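First the structure, in the form of structure tokens, and then the observations on it.
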Amino acid sequence: MENNRFETPVTVKSATEGSTQLLRSAREASDFLLNSWPGKRSPKHREALQACHDALAGDKPAMNARRAFIAAAREVNVFVSDKMPA
């Protein structure tokens, strides 16, 4: 079983205006990076995608993917929160 779940989910703005999306794992973050990414595919985007891939392969911890994803999400202003939802 893959252990790529994030200890704390990441909330991002989704493609639908005004709504948010909760990402709970490296797989969900990878899907967002590949299918819902609003900005350019920058070096931070590529790093986040690689970190998610590494977590899914079991080569690196999901925490690394989460950290890289947050850095990329901040860059394109889709990051909302990395705290547990109330």
Study note, to complete from the structure: Non-local residues with an amide H under 5 Å from the amide H of SER25, with H modelled 1.01 Å from N and Pro and chain starts lacking one, are PHE6
Check your understanding: Residues with beta-carbon under 13 Å from that of ALA51, excluding ALA51: net charge, scoring Lys, Arg +1 and Asp, Glu -1?
Key -> +3
Check your understanding: Within straight cross-link reach of LYS83, meaning Cα distance under 20 Å, which lysines are found once same-chain residues fewer than 8 apart are removed?
Key -> LYS13
Check your understanding: What 222 nm value per residue comes from the helices of the chain, counting each DSSP H run with n ≥ 4 as -39,500 (n - 2.57) and dividing by all residues, nearest 500 deg cm²/dmol?
Key -> -14500 deg cm²/dmol
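Is the C-alpha gyration tensor of the chain telling us rounded, prolate or oblate? Criteria: a/c under 1.5 is rounded; beyond that, a/b larger than b/c is prolate, otherwise oblate.
oblate
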Revision key, fill the gap. Connecting every pair of Cα atoms under 10 Å apart in the chain and solving the GNM, the largest mean-square fluctuation among GLY58, GLY18, GLY39 falls on GLY18
Review point. Between THR20 and residues 5 or more places away or on another chain, which pairs have amide H atoms under 5 Å apart, with H built 1.01 Å from N, and which residues are they?
Key: SER14
Study note, to complete from the structure: Given the candidates SER19, ALA72, GLN50, the one whose Cα lies deepest towards the positive end of the charge dipole of the chain, counting +1 at each Lys or Arg C-beta and -1 at each Asp or Glu C-beta, is ALA72
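I need to check one value: relative contact order of the chain, counting alpha carbon pairs closer than 8 Å and at least 6 residues apart, in percent.
It comes to 38 percent, rounded to a whole number.
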Practice item. Rank LYS13, LYS60, LYS40 by mean-square fluctuation in a GNM of the chain with C-alpha springs under 10 angstrom and give only the top-ranked residue. Key: LYS40
Practice item. Please list the non-local residues whose amide H lies under 5 Å from the amide H of LYS60, H modeled 1.01 Å from N, same-chain partners needing a gap of 5 or more. Key: ALA55
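Any read-out appearing in this document is the output of simple, stated calculations on the displayed coordinates, not a laboratory observation. Owing to the predicted nature of the structure, the values given are computational and were not obtained by experimental measurement. Reconstructed Cβ throughout: ideal geometry from the backbone, glycine too, with neighbour counts over all protein chains shown.
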